[in-house]
Amino acid sequence: MRLLFSIGAVLVAGMFAGGDVAGIAAPGPKFESPESRPRSQRLAADKDAQTVDVELILAVDVSYSMDMDELAIQREGYAQAIQSKEFLRALKLGPNGRIAVTYFEWAASSDQKIIIPWRLIDGPETADAVAAEIMKTPIRRASRTSISGAITFAMPLFDEDPYRGLRRVIDISGDGPNNNGGPVTVARDAALEKGIVINGLPIMVKEPSYSTMDIDNLDFYYEDCVIGGPGSFVITIKDRDKFKEAIRTKLLMEVAGRTPERPVMRVADKEPRVNCLIGEKIWSDRWGR
């Protein structure tokens, strides 16, 4: 089931009540070294130490249609969201209380740059470190928009992750349709076959412009052509002032692995309302190739 949300319709909150549990230790040695335990127990403990609630790939559009102000706000939005009290609270609600994150920027089908390799976030210190890494990298822009290239690049990154998540999620943000590389639906379907969930953050803060390959109803395009997998969703940014709020809401949803009890609208599996090759068509009409 795929879901579409508007800002303000999503509320991720609540804490599990808990208490101290007192117990009486059974007789035995005061200390047992890890090496003294059976190998099977040591392997199980090692596996548990590598388990996270979600492996999250943040795939961020840096194509020329994004202006420098948008790129700066986008960077700040991710950094501030990761450091927020709401994010850290949601983090601790998970069964493991930790996630693995990698962050890369993309443009053309051959242009992807990893900004943050896989990092563990398990509390304020690691969250601050990841946020600092995001902010210290110089902002760049590049030509073309290949959502399919971003998805294709992201998939093998999960195999390189030293951690193993209960869920695997690719988070795609962008302000235009695919106009380079293979069809976006082919890349999406390949990811879904691997059990990967794709969520979307379509950025619609400017009036659509032919010169920058924008389209009307980019949210419908993301909804019908880009996202997929159990519980996948789209959060649309239509107000520049809501940019950071949208990013924070999206990350809270992904970390908590939740969807609201009353979504604004359910997205039915049906024929796309927007041509999934519209970006390629606009490019061909304009440039003849």
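How do 106-112, 249-255 rank on mean C-beta neighbours within 10 Å, highest first? If you can, show how the numbers build up before the last one.
Numbers: 106-112: 20.0, 249-255: 24.4.
Sorting 106-112, 249-255 by mean packing, highest first, produces 249-255, 106-112.
If each of Ser110 and Glu133 carries a label point 7 Å out from its Cα toward its Cβ, how far apart are those two points in nm?
Placing both labels 7 Å along Cα→Cβ, they lie 2.8 nm apart.
Report the full-extension gain for the segment Glu76 to Trp287: residue separation times 0.36 nm, less the Cα-Cα distance, to one decimal in nm. Kindly include the intermediate steps, with their values, before the conclusion.
Numbers: separation 211, 0.36 × 211 = 75.96 nm, distance 3.44 nm.
Difference between extended and current length: 72.5 nm.
Among Thr236, Thr137, Thr152, which comes first, second and so on when ranked by fewest other beta-carbon atoms within 10 Å?
Values: Thr236 21, Thr137 13, Thr152 18.
The order, fewest Cβ neighbours first, is Thr137, Thr152, Thr236.
Run the numbers on segment 116-223 and let me know its relative contact order in percent, using alpha-carbon pairs under 8 Å that are six or more apart. Spell out each step's value before the answer.
Values: 106 pairs, mean separation 27.9, N = 108.
About 26 percent, as a whole number.
Based only on other Cβ atoms within 10 Å, what is the fewest-to-most ordering of Glu271, Glu223?
On the way: Glu271 6, Glu223 25.
Ascending Cβ contact count within 10 Å gives the list Glu271, Glu223.
Along the Cα-to-C-beta direction of Lys194, a point sits 7 Å from the Cα; which residues of segment 145-178 have their amide N less than 13 Å from that point?
Only 149-161, 168-171 fall inside the zone, counting backbone N under 13 Å.
About its Cα centre, what dipole magnitude does segment 149-194 give when the only charges are +1 on Lys and Arg Cβ and -1 on Asp and Glu Cβ, stated in debye to the nearest 20?
Numbers: 5 positive and 7 negative charges, 30 e Å.
My answer is approximately 140 debye.
Going by Cα centres, segment 57-113 and segment 134-179 are how many Å apart?
9 Å
If you add up the charges near Asp171, with Lys and Arg at +1 and Asp and Glu at -1, over every other residue whose beta carbon is less than 9 angstrom from its beta carbon, what do you get? Spell out each step's value before the answer.
Values: positive: Lys250; negative: Glu254.
Result for the neighbourhood of Asp171: 0.
Values quoted throughout were computed directly from the atomic coordinates according to the rules given, and no laboratory measurement underlies them. Predicted, not measured: the structure shown is a model, and the values here were computed from it. Here Cβ is always computed from backbone atoms with ideal geometry, including for glycine, and neighbour counts include all displayed protein chains.
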